[in-house]
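As structure tokens, the structure follows; a few thoughts come after it.
Derivation of every value follows stated rules applied to the coordinates shown; laboratory data play no part. Quick caveat: nothing in here was measured; it's all calculated off a predicted structure. Cβ atoms come from the backbone with ideal geometry, glycine included; neighbour counts cover every protein chain shown.
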Amino acid sequence: MKSIGSCLQCSTMLVRRCLRWKVLILSLGKVTFADRCTDYIPTVDEHRFPRENVRFPSKEENTHGAWAWRCDVKDAKPATSGLLVGKTFALKDMISVKGVPMLMGTKFIRDYVPDMDATLVTRILEAGGFITGKAVCENLCHSATSHSSGTGIVENPYCNGYTSGGSSSGSGVLVALGEVWGSVGADQGGSMCKHRRV
């Protein structure tokens with residue numbers, strides 16, 4: 001039972017399946033928990049982890065085109081110990097942070113603002129990390145060459161005019177520039193290993 005409830009937050013495909021099951025069950029005249037199946041949105045403790053200074057980056061603070069969004073998200077009650085205390089992070093702009101717009105590298109969904117945090121976000125914050133923004137990713141995460149993002153080209157920090165990899169192009173560049181201690185990307189087709197070679 002729990003897996004169907006959690007499917008609603010994770011995957012559109014599973015949500016569609018759940019809704020189809022609901023229609024099928026109702027059409028057969030049987031009423032089960034599936035007919036009460038509602039979207040599950042995890043709560044976010046915005047008092048403990050406030051979202052501040054959310055903004056589209058200026059050209060002056062985005063010299064290599066690697067920032068999709070800037071923000072300040074950290075624990076209001078800072079931890080004195082923990083693996084990530086004092087460490088700054090950028091997140092690939094496909095990872096949900098409540099209240100921070102998400103582009104996913106495209107202009108197609110530019111008005112989308114998540115209403116929940118990815119589990120990863122909560123874990124970074126609880127361990128003392130400080131999220132300073134979202135890193136540019138390629139258009140819908142489908143390119144490996146750092147030129148397809150709706151916000152523009154992500155410049156290679158070591159050789160202007162050359163690719164900085166992708167689709168986690170902004171993540172690699174922000175770490176290389178030293179603007180963040182770490183950045184979270186995603187590797188469906190080689191995003192993370194390409195940065196080692198670039």
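Annotations
- The distance between label points at Trp181 and Leu120 comes to 1.8 nm (points 7 Å beyond Cα on the Cα→Cβ vector).
- Each Lys or Arg adds one and each Asp or Glu subtracts one; over the other residues with Cβ under 14 Å from the Cβ of Ile153, this totals -1.
- Between amide H atoms placed 1.01 Å from N, distances below 5 Å from Val184 occur with Ala90, Leu91, Lys92, all of them 5 or more places distant or on a separate chain.
- Residues Arg51, Arg110 arranged by fewest to most Cβ contacts within 10 Å: Arg110, Arg51
- A DSSP coil position with no more than 14 other Cβ atoms inside 10 Å describes the following GluC sites (Glu not before Pro) in the stretch 41-88: Glu46, Glu60, Glu61.
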